[in-house]
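The values are calculated or read from the model by the stated rules, or taken from the named source; none is laboratory data. Predicted model only: the values in this text are computed from it and were never measured. Reconstructed Cβ throughout: ideal geometry from the backbone, glycine too, with neighbour counts over all protein chains shown. We work out accessible area using only protein heavy atoms, side chains counted, and drop any ligands, DNA or RNA first. Shrake-Rupley method; radii C 1.70, N 1.55, O 1.52, S 1.80 Å.
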Amino acid sequence: AMITEGTRINISKTNETEKKVYNKSKKEISTNKNLSIVDFNFKDIDRFTTFYKIAKELDKKLVINFKHACFLEKYHKDKKLKAPDSKDENILLLKPKRLTGTYIDEDYTDLYIKNRLNYPNIITAEDILKKPLGYMVVLNFYYFNNLVDLKPYKGTYIHSLSEPFNEEMEISYDRMMAWIEHFKMKFVQSHCSGHINGTDLKELIENVAPKVIFPIHTTHPGIFRSLSAQTRLVKEGKTYKL
């Protein structure tokens with residue numbers, strides 16, 4: 001049996017590659033004359049590696065938040081991933097403003113921040129403002145209030161995520177664009193999906209040659225019926241025995 005996601009089973013081969021994300025993002029950031037903001041899913045180690053590489057090659061420090069540091073420290077323990085530690089010389093941690101807005105230790109009650117306040121590579125928005133060209137800040141929409149202090153006027157914002165595909169995402173996307181327009185930032189869409197396309201997925205299934213397929217995470221499960229293996233559509237709450 002084979003259990004497979006089918007997010008893009010209805011999409012044929014595309015020319016999306018991580019290399020294209022790298023090339024486009026590097027070109028935009030290298031020509032930017034102000035602060036560069038990048039947004040991507042930090043759980044995507046390949047995408048992190050892409051922007052980490054760009055930052056190093058452009059002689060910029062990659063600025064992440066304290067939650068990102070938690071992920072990075074886990075990645076670093078897996079030697080196969082070859083990920084840097086959160087105290088890497090090319091990584092800085094952005095200290096957020098809380099309570100008094102004065103960065104005193106008493107302002108921070110979250111353990112994931114408190115346990116890292118002694119790190120040597122902590123930076124504030126005020127520090128970044130002194131030399132904005134020296135940094136690339138990883139900032140997703142839920143932390144956009146930091147833009148008030150970062151003041152990235154006429155900077156570049158790299159959106160390395162999927163475009164909105166439901167109503168909730170569209171609302172957040174419109175709010176995000178309002179922030180970007182307010183700061184007169186250049187918006188750049190630079191992304192490739194991590195989901196296998198339909199053409200390659202069908203080829204993979206044919207090569208594996210399972211007797212039965214259980215498609216999950218797809219809005220087009222019926223397409224799997226055209227393949228040689230038996231397709232069993234999964235129903236929530238039902239038990240399937242092999």
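Accessible surface computed residue by residue for region 55-94, with neighbouring protein chains in place and a 1.4 Å probe, gives 55 Å² per residue.
Here region 111-226 has 55 percent of its accessible surface on carbon and sulfur atoms, given a 1.4 Å probe and all protein chains in place.
When the GluC sites (Glu not before Pro) in region 88-141 are filtered for DSSP coil states and for at most 16 other beta-carbon atoms within 10 Å of their beta-carbon, the remaining sites are 89. Remark: region 139-200 carries 57 Å² of accessible area per residue (probe radius 1.4 Å; ligands, DNA and RNA excluded). Here the Gaussian network model covers the chain, with springs between Cα atoms less than 10 Å apart; of 96, 215, 152, 215 fluctuates the most. Put 139, 242 in order of accessible area, highest first, and with a 1.4 Å probe you get 242, 139. For region 1-48, the fraction of 1.4 Å probe accessible surface lying on carbon and sulfur atoms is 49 percent. For residue 33, a cut-off of 19 angstrom between C-alpha atoms picks up these lysines, skipping any fewer than 8 places away in its own chain: 24, 56, 60, 61, 130, 131, 151, 154, 184, 186.
Provide, as a two-decimal number, the C-alpha radius of gyration of region 89-242 over 2.2 N^0.38 Å, N being how many residues it has.
Numbers: Rg = 23.1 Å, N = 154, 2.2 N^0.38 = 14.9 Å.
Here the answer is 1.55, to two decimals.
For region 111-177, trypsin sites (Lys or Arg not before Pro) are listed when DSSP marks them as loop and at most 10 other Cβ atoms sit within 10 Å of their Cβ; the list is empty. Tally Lys and Arg at +1 and Asp and Glu at -1 over the other residues with C-beta under 11 Å from the C-beta of residue 176: what net charge comes out? Charge balance in the 11 Å sphere: -3.
Using C-alpha pairs under 8 Å with a sequence gap of at least 6, the mean separation divided by the residue count of the chain gives a relative contact order of 33 percent. Note that region 8-161 carries a Kirkwood radius of 16.4 Å, evaluated over its alpha carbons pair by pair.
What's the long-distance tail for region 26-79, i.e. % of Cα pairs beyond 12 Å? Distances greater than 12 Å cover 69 percent of the Cα pairs. Among 21, 137, 148, whose mean-square fluctuation peaks in a Gaussian network model of the chain (Cα, cutoff 10 Å)? Ranking 21, 137, 148 by mean-square fluctuation puts 148 first. Placing unit charges on the Cβ atoms of the charged side chains and taking the dipole of region 1-84 about its Cα centre, the candidate lying farthest along the positive direction among 69, 6, 40 is 69. The trypsin sites (Lys or Arg not before Pro) of region 31-96 that meet both conditions, a loop assignment by DSSP and at most 16 other Cβ atoms within 10 Å of the site Cβ, are 33, 43, 82, 87.
Among 149, 200, 46, the largest mean-square fluctuation in a Gaussian network model of the chain (Cα springs under 10 Å) belongs to 200.
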